[in-house]
1. Within the range 4-34, report the trypsin sites (Lys or Arg not before Pro) that DSSP leaves as loop and that have at most 13 other Cβ atoms within 10 Å.
2. Show me, for the range 123-135, the HN-Hα J-couplings you get by feeding each phi into the Karplus relation (A = 6.51, B = -1.76, C = 1.60, θ = phi - 60°), rounded to Hz, glycine and proline as x.
3. At q = 0.14, 0.17 Å⁻¹, what is the base-10 log of I(q)/I(0) for the chain according to the Debye formula with one equal point scatterer per Cα and no solvent? Please give it to two decimals.
4. Could you tell me which of C100, H88, G78 has its Cα farthest along the dipole of the range 75-116 towards the positive end, charges placed at Cβ (Lys, Arg +1; Asp, Glu -1), taken about the Cα centre?
5. Taking the Cα centre of the chain as origin, sum charge times position over the Cβ atoms of Lys and Arg (+1) and Asp and Glu (-1), and report the length of that vector in debye to the nearest 20.
6. Write down the radius of gyration of the range 30-112 and its Dmax, each obtained from C-alpha positions, in Å.
7. Using a cut-off of 22 Å between alpha-carbon atoms, which lysines can reach K180, once sequence neighbours fewer than 8 places away in the same chain are excluded?
8. Within the chain, what whole-number % of the accessible surface is contributed by carbon and sulfur, with the 1.4 Å probe and all protein chains included in the calculation?
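The values are calculated or read from the model by the stated rules, or taken from the named source; none is laboratory data. Since the structure is predicted, the reported quantities are computational estimates derived from the model, not experimental observations. Cβ: placed from backbone, ideal geometry, glycine included. Neighbour counts: every protein chain shown. Areas reflect the complete protein model, heavy atoms only, side chains present, ligands, DNA and RNA absent. Shrake-Rupley method; radii C 1.70, N 1.55, O 1.52, S 1.80 Å.
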Amino acid sequence: LEISEQEQRRIGQDIHDGLAQSLLAIALKAQLLAEKLQDNKSSEVNIAEEIVQQSNQAIQETRLIAKSLSPINLAKHGLRSGLSDMSHHVKETFAVDLQCEYLGEESRVTPNHAFQLYRIVQSAVSNSIRHGEAKRVTVQLDLTHGQKGRLVIADNGKGFDPKVNKSSGMGCLIMEHRAKMMGGGLTLDSRPGHGAKLICEFNLHTNSEQL
């Protein structure tokens with residue numbers, strides 16, 4: 001898992017600093033070409049404008065991919081900023097309402113805990129959308145209970161029967177591992193037709209190894 005995370009962050013950074021910048025250069029040159037064609041009243045101006053539009057769309061998609069691989073703002077601005085970016089991405093890409101609530105001081109969350117919590121939310125939200133077909137997901141981070149933290153992720157999706165689907169896939173196993181790295185654990189509650197709720201409880205002052 002540690003090797004995977006390191007590679008994801010490296011690839012994400014390379015995409016952000018390399019591919020995204022190359023696409024930006026292409027978009028700028030296409031914009032200049034479109035302006036010249038417009039001045040010359042050329043019939044090909046529409047083609048150039050389409051290249052500009054498609055280039056800008058590719059830039060946006062590339063940046064979103066890079067951010068999902070390496071949450072750059074998370075390291076600089078904290079977990080709340082990272083989740084805010086995730087909420088915007090989920091709404092723009094999947095038309096799903098992702099709402100986040102914070103109780104307590106974010107400063108109590110170590111950088112490593114912030115990273116683990118971000119990845120748990122990312123995986124849980126992905127499951128809610130892909131498997132639960134949810135249209136609304138709520139995330140609550142509660143840091144008001146002494147040395148214990150609590151992350152609750154709930155959705156309004158179609159839910160499932162835990163007896164039939166034991167959620168033993170790799171995604172769930174990795175989320176459980178992340179919770180254990182923070183000295184905590186996961187519980188999952190769901191019923192068909194009643195959505196799903198994931199609860200992650202963790203220790204605020206566990207010295208997890210920094211990925």
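1. On the way: sites: R9, R10, K29; in loops: none.
Hits after loop and neighbour filter: nothing returned.
2. 5, 5, 5, 4, 5, 4, 6, 6, 9, x, 6, 6, 10
3. -0.87, -1.16
4. Selected residue: G78.
5. Working: 24 positive and 25 negative charges, 116 e Å.
The dipole magnitude comes to about 560 debye.
6. 19.5, 61
7. Reachable lysines: K148, K166, K197.
8. On the way: 6430 of 12320 Å².
Here it works out to 52 percent.
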